[in-house]
Amino acid sequence: MTFTQDDPPAPESPARTGTAESGAAALARSWAPTALGSSMLAWEIPLVVAIAARMPDGADAVAALGVGLSVLFVANSPALAMAPLVVAELAGQGSRALLRWAAATGLAGSAALTACAAVPGLREFLPQLLGLPGELHDAFRLSLLSFATAPLAVALRRYLHGRLITRDTTRAIAVSTGVRIAATGLAGLVAWWTGVPAAAAGGLALSAGAWAETAGLLLAVRRLAPVPAARARGLLVQHARITSSVLLNMSPALVTTVVLTRAASAEDSLVVWPAIYGLLSLGTVPLSDLDTVGAAFLRRSGRPGTLSRFTFLLAGGLLGAGLLVALTPLARLYLVDFSHVPDGPAGLGLRWIALLAVVPALWAVRGRLRARALAEERTRILPRAALAHLIGMIGLGLLLVRTPLPGVACASLALIGALVIEMLALRGVRTGRPGPGT
């Protein structure tokens, strides 16, 4: 299916008649439950950071948690790609084959995390590669071990998300995410009260929450009829294409960790960055499924102009909200009073936090471009854009760490620049006219 830039005349059919089915309201209704669920999910990181910061050795624990999360995000990339993979391949592969694929994907991610934390040689090499101070090495390894079961939970969760999104029954996602947040908070408090090492408390809490959400989603998906396979086609190439894009969604956390450790004010930047990144996630995580929901909308309605207008309004609202937080006392209230960041690192973060106000708006525009690529089955553009993002992120990081700018500023500028570069690469899907080899 291809689309022109403006909405084409819609034929008279139940799927395309009236704004109730094919307009912005329909798109908003489909996306809102995933956004609500993701918005609640985005509070996970700020919540566990706030708990860990109040435990013994809280500052070191938060720094180790932040670095551990950056590795987890990369390890979870194939698992996170399961939702768009299900949307793209469910009709052909069938639900059972995709469920088996999700389980294998999650087990591979869990094995990789465990190896990074426990295998001699690798367990020493990784913290050195990231440039971590020696006093954080043990806490970092403990943080990785606490995340060991998370990739399997995430892979199953995203498979279940894909099933629900395909059927346009996404309300269960928000409900299950509420269960997840409650489970994460409870597990974090139990870890605090029982004296679990601070470096492990956050990972154990986040993993417990992920499994609680997966259980809730499973109850909802069990009501759906299995989808039989219609054609046999290899999943590996399609999954790799989508994963490459998701990987670049997640890689800024790891690349920025390397930038933070090699720039000026590295120690203060490592302490405050998890809290800042958690705040940024409140604006970006709700957009995680915009490409998947947008692609499903385009396939149902064939109205790219509606998606463009919706994205414009969404990006404007996100930019306004980001500036409101960054330029008012709300930023200090979050970093100091809620996240319990010490005064020195908090002051550094407050001086540069306004740079990141534009990031959620950029995520929204990028989500629209990805949705077009997914809907038109032009997924080869995704790894090309991902490669551009990676090269841009690394290049900007290498240049910025040579300046006197502190780590927080270097990481923020590299993140913004890489997003702009990726969006320019994705603009190749705007016309909706695939060429040879795409």
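The values are calculated or read from the model by the stated rules, or taken from the named source; none is laboratory data. Please read all numbers here as calculations on a predicted model, not as lab measurements. As a convention, Cβ positions derive from the backbone with ideal geometry for all residues, glycine included, and neighbour counts pool all protein chains shown. Protein only, heavy atoms only, side chains kept; ligands, DNA and RNA dropped before computing areas. Shrake-Rupley method; radii C 1.70, N 1.55, O 1.52, S 1.80 Å.
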So the angle from the long Cα axis of helix 24-42 to the longest Cα principal axis of the chain, reported in degrees to the nearest 10, equals 20
Taking Cα atoms, the helix 359-375 axis meets the longest principal axis of the chain at an angle in degrees (rounded to 10) of 40
Largest first and in whole Å, what are the equivalent-ellipsoid semi-axes of segment 46-138 based on the Cα gyration tensor, each being the root of 5 times an eigenvalue? 33, 17, 10
Expected output is a single nm value to one decimal: the length gained when fully extending between residue 236 and residue 313, i.e. 0.36 nm times separation in residues minus the C-alpha distance. What is it? 24.1 nm
Apply the Karplus parameterisation 6.51 cos²θ - 1.76 cosθ + 1.60, with θ equal to phi minus 60°, to every residue of segment 184-190 and state each ³J(HN,Hα) to the nearest whole Hz, in sequence, with x for glycine and proline. 4, x, 5, 5, x, 5, 4
Ordering of 166-172, 292-298 by burial proxy (mean other Cβ atoms within 10 Å per residue, highest first): 292-298, 166-172
Gaussian network model of the chain, Cα springs within a sub-10 Å range: biggest mean-square fluctuation belongs to which of 342, 274, 151? 342
Taking amide hydrogens as modeled 1.01 Å from N in the peptide plane, which residues meet the under 5 Å criterion relative to residue 264, leaving out close sequence neighbours? 407
Sort 163, 262 by accessible area with a 1.4 Å probe, largest first. 262, 163
Under 5 Å between amide hydrogens, which residues at least 5 positions from residue 94 or on another chain qualify, with H placed 1.01 Å from N in the peptide plane? 230
With no solvent and one point on each alpha carbon, what is the Debye value of log10 I(q)/I(0) for the chain at q = 0.09, 0.13 Å⁻¹? -0.54, -1.17
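At a threshold of 8 angstrom on Cα-Cα distance, excluding pairs fewer than six apart, so keeping six or more, what relative contact order does the chain reach in percent?
Values: 744 pairs, mean separation 112.0, N = 438.
The normalised contact order for the chain reaches 26 percent.
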Tell me, what % of the accessible area of segment 285-427 is carbon and sulfur with a 1.4 angstrom probe? 72
Sequence order, segment 299-307: Karplus ³J(HN,Hα) from phi using 6.51 cos²θ - 1.76 cosθ + 1.60, θ = phi - 60°, Hz rounded, Gly and Pro as x, gives 5, 6, 10, x, 10, x, x, 5, 5
From the C-alpha gyration tensor of segment 156-238, pull out the three semi-axes of the equivalent ellipsoid (sqrt of 5λ each), sorted largest to smallest, in whole Å. 33, 16, 8
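Multiplying the sequence separation of residue 402 and residue 24 by 0.36 nm and subtracting their Cα-Cα distance, what value in nm do you get? Walk me through the numbers on the way to the answer.
Working: separation 378, 0.36 × 378 = 136.08 nm, distance 4.60 nm.
In short, 131.5 nm is gained.
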Rough spin-label spacing in nm, given labels placed 7 Å along Cα→Cβ, for residue 222 and residue 337: 4.4
Mean separation of Cα contacts under 8 Å (6+ apart) over length of segment 172-299, as relative contact order %: 19
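Can you tell me the FRET efficiency between residue 124 and residue 96 if r is taken as the Cβ-Cβ distance and R0 is 60 Å, rounded to the nearest 0.05? Before the final figure, lay out the partial values.
Details: r = 42 Å, r/R0 = 0.69.
Using R0 = 60 Å, I get an efficiency of 0.90.
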Top mean-square fluctuation among 300, 158, 223, Gaussian network model of the chain, C-alpha springs under 10 Å? 223
For the ranges 319-325, 370-376, what's the packing order if you count other beta-carbon atoms within 10 Å of each residue, average per peptide, and put the highest first? 370-376, 319-325
From the backbone phi of segment 152-166, what are the Karplus-calculated ³J(HN,Hα) couplings (6.51 cos²θ - 1.76 cosθ + 1.60, θ = phi - 60°) in whole Hz, Gly and Pro given as x? 5, 4, 5, 4, 5, 4, 6, 4, 5, 4, x, 4, 5, 5, 4
